[in-house]
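Take a look at the structure below.
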Amino acid sequence: MIAEKILADISAKLDVLIALSLRQLTGQKEFVGKTRARRGTGDTAWFLRGAGLEVKDIAAILGVPVHSVRTLLTPGRRK
C-alpha cells in the first residue's frame, strides 16, 4: 500500500518533467491556460502511447481530459 503511493508520487513527478520537456521541444515560452488549442496534441498523444504510457498519464502530461486523449487515440481520427 505504501509502495503504491510512493510509485504514484514518482509517476506524477515524472509526468511533470515529461510535460516540461515537451514544452521546451515545441518552443512554448509561455504557460497558457487550458482554453487555448494546442497544435500537435494528437501526434504527441500517439507518440506517448507508442512509448507505452497509459491514457491517464498522457492526459496528465498534456493537461487535457482523459476522454479527449481517448478520442485522439481513436484509430479513425488519425490522419
Exercise. From (1) at pLDDT 85 or above; (2) touching a Leu at 6+ places or on another chain (Cβ under 8 Å), pick out the condition that doesn't hold for residue 41.
Key: (1)
Quiz item: Inside the stretch 42-79, can you point out the residues that are of a type in the set (Gly, Ala, Ser) and under 26 Å from residue 9 (Cβ atoms)?
Solution: 45, 50, 51, 52, 59, 60, 63, 68
Exercise. Show the residue pairs that are 6+ apart or on different chains and have beta-carbon atoms under 7 Å apart, the first residue being within the stretch 45-58 and farther than 13 Å from residue 72 by Cβ, the second being surrounded by fewer than 17 Cβ atoms within 10 Å (Cβ to Cβ) and acidic (Asp, Glu).
Key: none
Practice problem: Return the residue satisfying two criteria in turn: it lies in the stretch 17-38 and is modelled with pLDDT under 85, among the hydrophobic types (A, V, I, L, M, F, W, C) and within 12 Å of the chain's Cα centre (by Cα), and of such residues it is surrounded by the most Cβ atoms within 10 Å (Cβ to Cβ). | Solution: 22
Quiz item: Name the residues in the stretch 41-50 that are within 14 Å of residue 19 (Cβ to Cβ) and over 9 Å from the mean Cα position of the chain (by Cα), would you?
Solution: 47
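The values are calculated or read from the model by the stated rules, or taken from the named source; none is laboratory data. Predicted model only: the values in this text are computed from it and were never measured. Glycine gets a Cβ as well: all are built from the backbone with ideal geometry, and neighbour counts include every protein chain shown.
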